[in-house]
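The values are calculated or read from the model by the stated rules, or taken from the named source; none is laboratory data. Remember, it's a predicted structure, so these values are computed and weren't measured experimentally. Cβ sites come from the backbone with ideal geometry, for glycine too, and all protein chains shown count toward neighbours.
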Amino acid sequence: MVAGIVLTYMRPFRIGDRIRVGETIGDVIEKNLLVTRIRTIKNVDITIPNSNLLNAHIENYSSIARQKGLILCTSITIGYDVPWRDVHAMLIEAANRTDHIVSQPAPFVLQKALNDFYVEYEVNAYTRRASRMASIYSDLHGHIQDVFNENGVEIMSSHYTALRDGNAAAMPPDHAGPGTGGFVIKKD
């Protein structure tokens with residue numbers, strides 16, 4: 001009960017907030033003096049004793065989303081043959097096509113690593129809809145694939161490149177560009 005009282009005054013989250021406690025991510029559906037209940041995105045209700053919450057690291061995605069916007073980020077690796085400015089533009093285009101990504105602050109791209117065979121890029125975009133994180137990520141990933149396919153840029157890792165035997169590129173034929181197995185970019 002003491003833990004419940006402490007959590008009441010600390011206010012690390014409130015009903016409806018999307019939080020992460022350990023490996024559990026979900027929305028707070030109940031909070032009382034003894035336990036907190038979280039519903040995961042798979043509709044599983046998790047009951048966590050408040051005494052455990054006092055000793056746990058709690059991430060509240062909703063509180064910052066309401067104030068400044070929550071930054072969602074995802075990484076891809078692209079070979080050095082693609083100009084980095086083009087990669088930045090394509091990632092930002094993909095983010096701008098994604099529902100629930102806000103235009104201000106604008107999406108931005110970071111180059112996280114210059115590896116032996118590829119550059120690791122991270123696209124960052126703001127949302128105010130923390131409760132939709134999983135579907136926003138899914139949509140963003142789909143838009144990244146679409147934009148890169150539309151521009152004839154193959155998303156691949158060095159492991160795939162090392163095994164390449166001269167076959168056509170691993171992208172839909174109607175989007176493949178010159179030099180990728182004889183296909184041409186489809187222009188509308």
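Which of the numbered conditions does residue 133 fail, given that it passes all the others? Conditions: (1) touching a residue at least 60 places away in the same chain (Cβ under 8 Å); (2) of a type outside the set (Val, Ile, Thr); (3) surrounded by fewer than 18 Cβ atoms within 10 Å (Cβ to Cβ); (4) out of contact with any Phe, Trp or Tyr (no Cβ under 6 Å at 6 or more places or on another chain). Condition not satisfied by residue 133: (3).
Considering the conditions (1) touching a Phe, Trp or Tyr at 6+ places or on another chain (Cβ under 9 Å); (2) within 30 Å of residue 154 (Cα to Cα), residue 18 is excluded by exactly one of them, (2). Find the residue count for the range 136-146, including only residues that are among the hydrophobic types (A, V, I, L, M, F, W, C) and within 16 Å of residue 77 (Cβ to Cβ). Looking only at that region, the number is 1.
Here is a yes/no grid of residues against (1) over 20 Å from residue 62 (Cα atoms); (2) in contact with a strand residue (DSSP E or B) (Cβ under 8 Å, 6 or more places away or on another chain); (3) in a loop (DSSP other than H, G, I, E, B):
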site: 89; (1), (2), (3): yes, no, no
site: 106; (1), (2), (3): no, no, yes
site: 111; (1), (2), (3): yes, yes, no
site: 121; (1), (2), (3): yes, yes, no
site: 125; (1), (2), (3): no, yes, no
site: 145; (1), (2), (3): yes, no, no
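Considering the range 38-85, the residues that are under 19 Å from the mean Cα position of the chain (by Cα) and part of a helix (DSSP H, G or I) include one that is surrounded by the fewest Cβ atoms within 10 Å (Cβ to Cβ), namely 66. Looking for something modelled with pLDDT under 85 and in a loop (DSSP other than H, G, I, E, B) - is there at least one such residue anywhere in the range 24-32? Within the range 24-32, one or more residues are modelled with pLDDT under 85 and in a loop (DSSP other than H, G, I, E, B).
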